[in-house]
Amino acid sequence: MSITARNKFVNFYQLLKESPITRNITPQIDLLTERYNGEYVDLTERILTISEQLGWDAFECFSQYIYDYLCEMTQYLKTGEYRHSDFDEVYKRIYGNKEVMEELYLPGLFLAYGFTTILYSKYHLYRNNFLTKLNKNSDGVEVGFGEGFYLWEMCNHIQGIRPKGFDISPSAIKIASKILGSKFAERERERERERERERVRFADRQYI
């Protein structure tokens, strides 16, 4: 890696490098670090911070997500078919499975935006070609928001915006609400810290 990175990122990178399941992902991370530098590492730090706040085991979620993805790709390359033949089967095993969705798939997908080239590249395009055209008065709906990553980033970049989303999955709504809730909770904590700093400044002036 070509820059001095943050602690959460460095620790997570090391875990990935030591695991036989995820070690082949680290060259992708090296490429992203070299290409996008601080912008990239800042995002990974924020993703890992939210994961920690929500009580997720980030490495376990991500490594299991990658393992399942690799199994799907291996099956397809060998047979020309995916493991599941139709949507009903996929829904039963994944989308309609509360445990899989809330403990593995959605947390793993959220983390994958920071640690896979394909999803980070999509995010980079979204950030630079879409978010820059919005302001706090923009209005719209994301249909099928999944884990809520794009709504979360919209709130991170545009102060005061109130995005809307729609998803048929109760698990997606639950996880996205937690992720967005963490963002707004952090904003409120920062406001409270600022109010406290102002009270201290006012008290100091009283004694001058």
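The values are calculated or read from the model by the stated rules, or taken from the named source; none is laboratory data. For clarity, every value in this text was computed on a predicted model and none was experimentally measured. Positions of Cβ are backbone-derived with ideal geometry, glycine not excepted, and every protein chain shown enters the neighbour counts.
Where residues in the stretch 158-174 are surrounded by 12 or more Cβ atoms within 10 Å (Cβ to Cβ) and within 22 Å of D42 (Cβ to Cβ), which of them is modelled with the highest pLDDT?
I158
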Scanning the stretch 89-98 for residues that are without any contact (Cβ under 8 Å) to a residue 60 or more places away in the chain and either assigned to a helix (DSSP H, G or I) or of a type in the set (S, T, Y) (or both) gives E89, V90, Y91, K92, R93, I94
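Which one is surrounded by the most Cβ atoms within 10 Å (Cβ to Cβ) among residues in the stretch 35-73 that are small (G, A, S) and farther than 13 Å from L111 by Cα? Talk me through it step by step, then tell me what you get.
Of all residues in the stretch 35-73, those small (G, A, S) come to 38, 51, 55, 58, 63.
With farther than 13 Å from L111 by Cα added as a condition, the list becomes 38, 55.
Working: G38: 12, G55: 8.
The extreme case among them is G38.
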Return only the number of the condition from (1) within 22 Å of G96 (Cα to Cα); (2) under 11 Å from the mean Cα position of the chain (by Cα) that L151 does not satisfy.
(1)
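Among the residues of the stretch 50-63, which ones are of a type outside the set (G, A, S) and in a helix (DSSP H, G or I)? Give the derivation first.
Going residue by residue through the stretch 50-63, those that are of a type outside the set (G, A, S) are 50, 52-54, 56-57, 59-62.
Correct list: I50, E52, Q53, F59, E60, C61, F62.
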From the residues in the stretch 136-152 that are in contact with a helix residue (DSSP H, G or I) (Cβ under 7 Å, 6 or more places away or on another chain) and closer than 18 Å to L125 by Cβ, which one is surrounded by the fewest Cβ atoms within 10 Å (Cβ to Cβ)?
E142
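Quick one: in the stretch 16-39, of everything that is among the aliphatic types (A, V, I, L, M) and more than 18 Å from the chain's Cα centre (by Cα), which residue is modelled with the highest pLDDT?
Step one: filter the stretch 16-39 for residues among the aliphatic types (A, V, I, L, M), giving 16, 21, 25, 29, 31-32.
The next check asks that each one be more than 18 Å from the chain's Cα centre (by Cα); those that pass are 21, 31.
Values: I21: 92, L31: 95.
Only one residue tops the list, namely L31.
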Could you tell me which residue of the stretch 101-130 is nearest to the chain's Cα centre (by Cα), considering only residues that are buried (at least 17 other Cβ atoms within 10 Å of the Cβ) and of a type in the set (A, V, I, L, M)?
L111
What are the pairs, 6+ residues apart or on separate chains, where a residue within the stretch 144-170 that is on the phi > 0 side of the Ramachandran plot has its Cβ under 6 Å from a residue that is in a loop (DSSP other than H, G, I, E, B)?
G144/D167; G160/K136
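How many residues are part of a helix (DSSP H, G or I), at pLDDT 85 or above and more than 20 Å from K8 (Cα to Cα) when one looks only at the stretch 64-88?
Here is the first cut: in the stretch 64-88, the ones part of a helix (DSSP H, G or I) are 64-79, 87-88.
Those left that are additionally at pLDDT 85 or above: 64-79, 88.
Keeping just the survivors that are more than 20 Å from K8 (Cα to Cα) gives 67-79, 88.
Counting residues in the stretch 64-88 that are part of a helix (DSSP H, G or I), at pLDDT 85 or above and more than 20 Å from K8 (Cα to Cα) gives 14.
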